[in-house]
1. Rounding to the nearest 10 and keeping the result within 0 to 90°, find how far the Cα-based axis of helix 306-329 lies from the longest principal axis of the chain.
2. Calculated from the structure, Rg/Rh (Cα atoms, Kirkwood Rh) equals which of (1) 1.07; (2) 1.45; (3) 0.95?
3. Against the empirical 2.2 N^0.38 Å scaling, what ratio does the C-alpha Rg of the range 258-335 come to?
4. Rounded to the nearest Å, what's the spacing between the alpha carbon centres of the range 202-228 and the range 11-70? Just the number, please.
5. Could you work out how far helix 22-34 tilts from the main Cα principal axis of the chain, as a 0 to 90 degree angle to the nearest 10?
6. Between residue 136 and residue 225, what is the label-to-label distance in nm when each label sits 7 Å out along the Cα-to-Cβ direction?
7. For the range 155-255, how big is the tail of P(r) above 16 Å, as a whole percent of Cα pairs?
8. Using the Kirkwood radius over Cα pairs, work out the Stokes-Einstein diffusion coefficient for the range 301-381 at 37 °C and 0.692 mPa s, in µm²/s as a whole number.
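What follows is calculated from the coordinates using simple rules that are stated; it is not laboratory data. Bear in mind that the values here come from a model prediction, so they are computed numbers and not experimental data. Neighbour counts run over all protein chains shown; Cβ positions are idealised from the backbone, glycine included.
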């Protein structure tokens with residue numbers, strides 16, 4: 001058979017048929033034509049290669065290749081078809097039944113193998129459909145594989161793959177950047193060798209949990225070539241290659257050394273600041289105590305009277321402020337004041353500065369442990385100090401015994417403060433607005449600063465209440 005290839009045009013699916021027997025080629029061509037294929041027939045190796053390597057580079061869905069051709073080996077055509085981009089699947093068609101031919105076809109990656117039996121051409125449409133499906137699937141797999149390979153190869157994370165026995169079979173190029181070693185230096189080693197000896201048990205625990213918790217992340221150390229360590233966020237996953245093989249181990253390492261070092265610097269800086277802040281609170285408390293001592297010395301040099309009473313009241317106010325700083329530097333967080341402990345100490349100070357005898361007046365404390373910042377703790381402490389001083393000064397004359405109760409509870413958008421005693425109560429026609437008491441005026445000013453107003457009532461003693469909206 002000679003002459004140019006015979007072509008059926010106008011159909012979307014194209015097949016190159018290389019067959020030197022005209023009758024067989026025509027039967028095959030007509031069968032494929034009825035199934036919707038355009039068929040280009042080449043009678044030998046030379047014309048087949050011309051079609052595959054032609055300048056037009058026609059798109060072929062498959063190459064149907066006869067084994068015995070008059071002008072050369074069929075393998076040349078097979079290699080040319082598989083060298084095309086996109087690759088052209090090869091279906092081998094032969095009348096020979098030699099096992100060696102089939103083995104060679106499989107070795108060369110042929111898509112299928114068809115024997116020339118009676119009526120074999122009727123099988124060709126089904127064979128080509130099967131080949132087309134497999135080729136499309138292979139194309140999608142190749143595309144996905146290329147995409148994943150590009151992602152892994154260009155990722156800044158280190159991806160390491162180990163066999164089921166734990167031997168490294170692949171490491172991504174990031175190995176050189178992160179660990180200072182080429183991948184080839186580590187292939188064949190156990191995968192746990194990537195990690196510092198102290199962290200290998202953690203890595204093995206991650207492997208044991210990989211099937212049930214595949215998203216688990218642990219931070220561990222990996223050894224560099226220079227002997228230093230890099231901090232890595234590690235993920236372990238199991239990859240089932242085949243149903244019979246052991247799952248492969250996939251280890252992904254993300255370098256967080258810089259972040260870790262930054263966090264350590266921040267923690268160190270925070271500790272330094274805590275030490276400094278604690279020292280500041282301590283020094284402020286000491287300075288306030290010095291002021292207390294100076295005021296006490298001055299008060300003792302004065303005769304009993306209004307001036308001495310005013311200085312003694314100021315001493316107690318300074319004590320209330322000093323207590324805030326003392327309580328703050330004794331706490332771990334240095335920011336929030338423990339309200340209950342502070343009020344107990346404050347009451348002891350007020351009691352000590354008053355003329356009450358030991359055991360004469362008891363404190364009932366009912367308070368939520370509401371945390372107070374420094375800017376709220378000072379005015380709140382001074383307010384409670386004034387209320388307690390008022391109760392002890394006016395509620396229990398002549399050594400009268402009794403109780404003072406403080407209740408602090410959080411209510412809607414505010415903190416309710418109640419200070420009451422079972423003393424003699426308020427004088428008749430008491431008007432806080434008309435009072436000239438400095439302590440009372442200071443208490444009202446502090447209450448306004450905290451977003452509230454003082455309310456006075458008398459019933460079996462004195463009751464003072466305020467809802468403080470800024471606490």
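1. Helix 306-329 and the main axis of the chain meet at about 20 degrees.
2. Computing Rg/Rh (Cα atoms, Kirkwood Rh) and matching it to (1) 1.07; (2) 1.45; (3) 0.95 gives (2).
3. Here the answer is 1.66, to two decimals.
4. Rounded to whole Å, the Cα centres lie 56 Å apart.
5. Its long axis makes an angle of about 40 degrees.
6. Distance between the two pseudo-spin positions: 4.8 nm.
7. 53
8. Taking Rh from Cα pairs, D becomes 233 µm²/s.
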